[in-house]
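Colleague: Pasting a structure below so you can have a look.
The values are calculated or read from the model by the stated rules, or taken from the named source; none is laboratory data. If you're wondering where the values come from, they're calculated on a predicted model, not measured in any experiment. Reconstructed Cβ throughout: ideal geometry from the backbone, glycine too, with neighbour counts over all protein chains shown.
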Amino acid sequence: MSLRVDPALANELKEFGGGTVSRCFNCGNCTAACQLTNQDAVFPRRYIRYIQLGLREKMLGSVDPWLCFYCGDCSETCPREADPGNLMMASRRWLIAAYDWTGLSRLMYRSVRWELVLLFAVAAAVLAWFSLTPGFGFRLLAAHPEARQTVMLQCFAPKDVIHQADVALASVLAALLLSNAARMLYYARKHCQPAPASAWLAALGEFVIQGLTQKRWRQCASGASRHWLRHLLLVFAYGTMFLLVVVFLKWFQVEDASFHWTSLPGYAATLVLLAATLSIMADRRRKRDPIHRHSDVSDWLFVILLFLTSLSGILLHAARILDLPMPAYALYVVHLMIAVPMLVVEVPFGKWSHLLYRPLALYLAEVERRAQRARAAAPAPLAPQPAWGR
């Protein structure tokens, strides 16, 4: 198979945070230090070589960057200070931009201004929805003066309208993320040998387990278990809030100032989100661990938005319990002005997308391993006998 070389590829990666690739002379020390590499995935060395040689198609078709959890062993031991762990991080950003058919990911990762513009644009759209929509939000509140004396959320944000909006938003985000994942699968399969259907089916368990737990992270160097556990709690807490708000909103959103038991899982999830995001921000500020030494602006925005979403949610709940109607309505809008932009921008186009791409990459790697074992176990074809020996 012929491959086209792109000399500008290394410079392109610099725009995604990979400015140290020219320091690497491909000694292989990074691969030797990595706890996760094996004969099937010799990263980071192989992928860095693709960058240096300008092999764009090879980079698109490889899942190596997603197999890396950035423990920092490779960067700590690199004799050239090429920081291969950060190069894998930059490569993941580059791949997210390549998978995204809308081009928004590329704009965001190459320009902080664009990411902020998108976030503020979505926030403004949420504010306009609550301010200008007839029979909803502030206009509905104007028709119910009694709702200004006591909390009556049904007179400000009716549950059926919010639920329909939640389902519509989730559907759009899922369509965007799945279509980008389909492009990832297309690129990866172009560079893999065909695998039997049995391999695809048998490897599905890997996709589910890694998607829910990302337990492979625990195989990394010292400190990985702590980061893995924090990440696991963060994901499950966010998943709990997503289910409460999108699926069980009918029971979760209480219309008045009364207390309801459905708030209890919300309390637990919110406390975990606040503690985890504060811990992550502290680690990013101190930069003690290799995983937090090179934080992109998108990394900071993701965790800050998640923290503000959790904080505004608990403040909204407090205002409702204390029967402060106008603060409760205002905090309801503020909460959504933070949460919705985070979902719309970060899930399909930003950092949150790795929650699908990494399990999918591990699934593809497992399919390839099973296919290789099947090919190795298959009996060799009989050599044709010469005509005179028949």
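Colleague: From Ala147, Ala182, Ala128, grab the single residue that is in the same structural domain as Leu244 (by TED's automatic domain parsing), out of contact with any His (no Cβ under 6 Å at 6 or more places or on another chain) and touching a residue at least 40 places away in the same chain (Cβ under 8 Å).
Modeller: Result of the check over Ala147, Ala182, Ala128: Ala147.
Colleague: Also: Test Val151 against the criterion of being aliphatic (A, V, I, L, M), touching a Pro at 6+ places or on another chain (Cβ under 7 Å) and closer than 30 Å to Val334 by Cβ, and give yes or no. Even if it seems obvious, please write down each step before you answer.
Modeller: Details: aliphatic (A, V, I, L, M): yes; touching a Pro at 6+ places or on another chain (Cβ under 7 Å): yes; closer than 30 Å to Val334 by Cβ: yes.
It is true that Val151 is aliphatic (A, V, I, L, M), touching a Pro at 6+ places or on another chain (Cβ under 7 Å) and closer than 30 Å to Val334 by Cβ.
Colleague: Can you tell me which residue in the stretch 197-207 is farthest from the chain's Cα centre (by Cα), limited to those that are surrounded by fewer than 17 Cβ atoms within 10 Å (Cβ to Cβ) and in contact (Cβ under 8 Å) with a residue 12 or more places away in the chain? Even if it seems obvious, please write down each step before you answer.
Modeller: Pass one, the stretch 197-207, residues surrounded by fewer than 17 Cβ atoms within 10 Å (Cβ to Cβ): 197-198, 200-202, 204-205.
Going one step further and asking which of them are in contact (Cβ under 8 Å) with a residue 12 or more places away in the chain, we end up with 198, 200, 202, 204.
On the way: Ser198: 29, Trp200: 23, Ala202: 25, Leu204: 20 Å.
Going through the qualifying residues, I end up with Ser198.
Colleague: Do we find a residue being of a type in the set (Ser, Thr, Tyr), in contact (Cβ under 8 Å) with a residue 60 or more places away in the chain and under 25 Å from Gln219 (Cα atoms) anywhere in the stretch 57-70? If you could, list the steps in order and put the result at the bottom.
Modeller: Restricting attention to the stretch 57-70, the residues satisfying the condition of being of a type in the set (Ser, Thr, Tyr) are 62, 70.
Then keep just the ones that are in contact (Cβ under 8 Å) with a residue 60 or more places away in the chain; that gives 62, 70.
Cutting the leftovers down to under 25 Å from Gln219 (Cα atoms) gives us 62, 70.
Checking the stretch 57-70: at least one residue is of a type in the set (Ser, Thr, Tyr), in contact (Cβ under 8 Å) with a residue 60 or more places away in the chain and under 25 Å from Gln219 (Cα atoms).
Colleague: Looking at Val333 and the list (1) under 30 Å from Phe43 (Cα atoms); (2) at pLDDT 90 or above, which single condition is not satisfied?
Modeller: (1)
Colleague: A follow-up question, please. Taking Met184, is it closer than 19 Å to Arg92 by Cβ and of a type in the set (A, V, I, L, M)? Walk me through it before giving the result.
Modeller: Working: closer than 19 Å to Arg92 by Cβ: yes; of a type in the set (A, V, I, L, M): yes.
For Met184, the condition - closer than 19 Å to Arg92 by Cβ and of a type in the set (A, V, I, L, M) - is met.
Colleague: May I pose another question? Among (1) buried (at least 16 other Cβ atoms within 10 Å of the Cβ); (2) over 30 Å from Trp94 (Cβ atoms); (3) more than 18 Å from the chain's Cα centre (by Cα), where does Asp283 come up short?
Modeller: Unmet for Asp283, out of (1) buried (at least 16 other Cβ atoms within 10 Å of the Cβ); (2) over 30 Å from Trp94 (Cβ atoms); (3) more than 18 Å from the chain's Cα centre (by Cα): (2).
Colleague: Scan the stretch 153-179 for residues that are in a helix (DSSP H, G or I), out of contact with any Leu (no Cβ under 7 Å at 6 or more places or on another chain) and within 18 Å of Ala257 (Cβ to Cβ) and jot them down.
Modeller: Of everything in the stretch 153-179, those that are in a helix (DSSP H, G or I), out of contact with any Leu (no Cβ under 7 Å at 6 or more places or on another chain) and within 18 Å of Ala257 (Cβ to Cβ) turn out to be Leu153, Gln154.
Colleague: Give the residue that is surrounded by the fewest Cβ atoms within 10 Å (Cβ to Cβ), with candidates limited to residues of the stretch 153-180 that are of a type in the set (A, V, I, L, M) and touching a Phe, Trp or Tyr at 6+ places or on another chain (Cβ under 7 Å). Working first, answer last.
Modeller: Initial filter on the stretch 153-180 (of a type in the set (A, V, I, L, M)): 153, 157, 161-162, 165, 167-170, 172-178.
With touching a Phe, Trp or Tyr at 6+ places or on another chain (Cβ under 7 Å) added as a condition, the list becomes 157, 161.
On the way: Ala157: 20, Val161: 15.
Looking at the filtered set, the residue picked out is Val161.
Colleague: Let me ask something else about it. Checking the condition without any contact (Cβ under 8 Å) to a residue 40 or more places away in the chain and of a type in the set (Phe, Trp, Tyr), which residue from Phe307, Phe302 passes?
Modeller: On the way: Phe302 fails: without any contact (Cβ under 8 Å) to a residue 40 or more places away in the chain.
Just a single option satisfies the conditions, and that option is Phe307.
Colleague: Something else about it: I need the full set of residues from the stretch 4-38 which are buried (at least 16 other Cβ atoms within 10 Å of the Cβ), among the hydrophobic types (A, V, I, L, M, F, W, C) and part of a helix (DSSP H, G or I), in order please.
Modeller: Once the filter is applied, which keeps residues that are buried (at least 16 other Cβ atoms within 10 Å of the Cβ), among the hydrophobic types (A, V, I, L, M, F, W, C) and part of a helix (DSSP H, G or I), the stretch 4-38 yields Leu9, Ala10, Leu13, Val21, Cys30, Ala33.
Colleague: Give Pro194, Pro134 a once-over and let me know the one that is over 27 Å from the mean Cα position of the chain (by Cα) and farther than 30 Å from Trp251 by Cα. Before you say what the answer is, go through the steps one by one.
Modeller: Numbers: Pro134 fails: farther than 30 Å from Trp251 by Cα.
One residue alone meets the criteria, Pro194.
Colleague: Given the conditions (1) more than 16 Å from the chain's Cα centre (by Cα); (2) surrounded by fewer than 20 Cβ atoms within 10 Å (Cβ to Cβ); (3) of a type in the set (A, V, I, L, M, F, W, C), report the number of the one that Leu355 does not fulfil.
Modeller: (1)
Colleague: Within the stretch 208-222, take every residue that is surrounded by fewer than 18 Cβ atoms within 10 Å (Cβ to Cβ) and in a helix (DSSP H, G or I) and give me the one that is nearest to the chain's Cα centre (by Cα).
Modeller: Gly211
Colleague: Right, another one. What about Ala41, is it modelled with pLDDT of 95 or more and buried (at least 17 other Cβ atoms within 10 Å of the Cβ)?
Modeller: Details: modelled with pLDDT of 95 or more: no; buried (at least 17 other Cβ atoms within 10 Å of the Cβ): yes.
Criteria not met by Ala41.
Colleague: Something else now. Among all residue pairs at least 6 apart or on different chains, which show Cβ distances below 8 Å where the first residue, located in the stretch 216-239, is on the phi > 0 side of the Ramachandran plot and the second is crowded, with 19+ Cβ neighbours inside 10 Å?
Modeller: Every condition considered, the pairs that remain are Gly223/Cys71.
Colleague: Does the stretch 59-73 include one or more residues that are outside the structural domain of Arg218 (by TED's automatic domain parsing), at pLDDT below 90, in contact with a Pro (Cβ under 6 Å, 6 or more places away or on another chain) and not aliphatic (A, V, I, L, M)? Let's see the steps before the verdict.
Modeller: First, the residues of the stretch 59-73 that are outside the structural domain of Arg218 (by TED's automatic domain parsing): 59-73.
Next, from what is left, pick out any that are at pLDDT below 90: 69-73.
Still in the list and also in contact with a Pro (Cβ under 6 Å, 6 or more places away or on another chain): 72.
With the extra rule that they be not aliphatic (A, V, I, L, M), the set shrinks to 72.
Yes, the stretch 59-73 contains a residue that is outside the structural domain of Arg218 (by TED's automatic domain parsing), at pLDDT below 90, in contact with a Pro (Cβ under 6 Å, 6 or more places away or on another chain) and not aliphatic (A, V, I, L, M).
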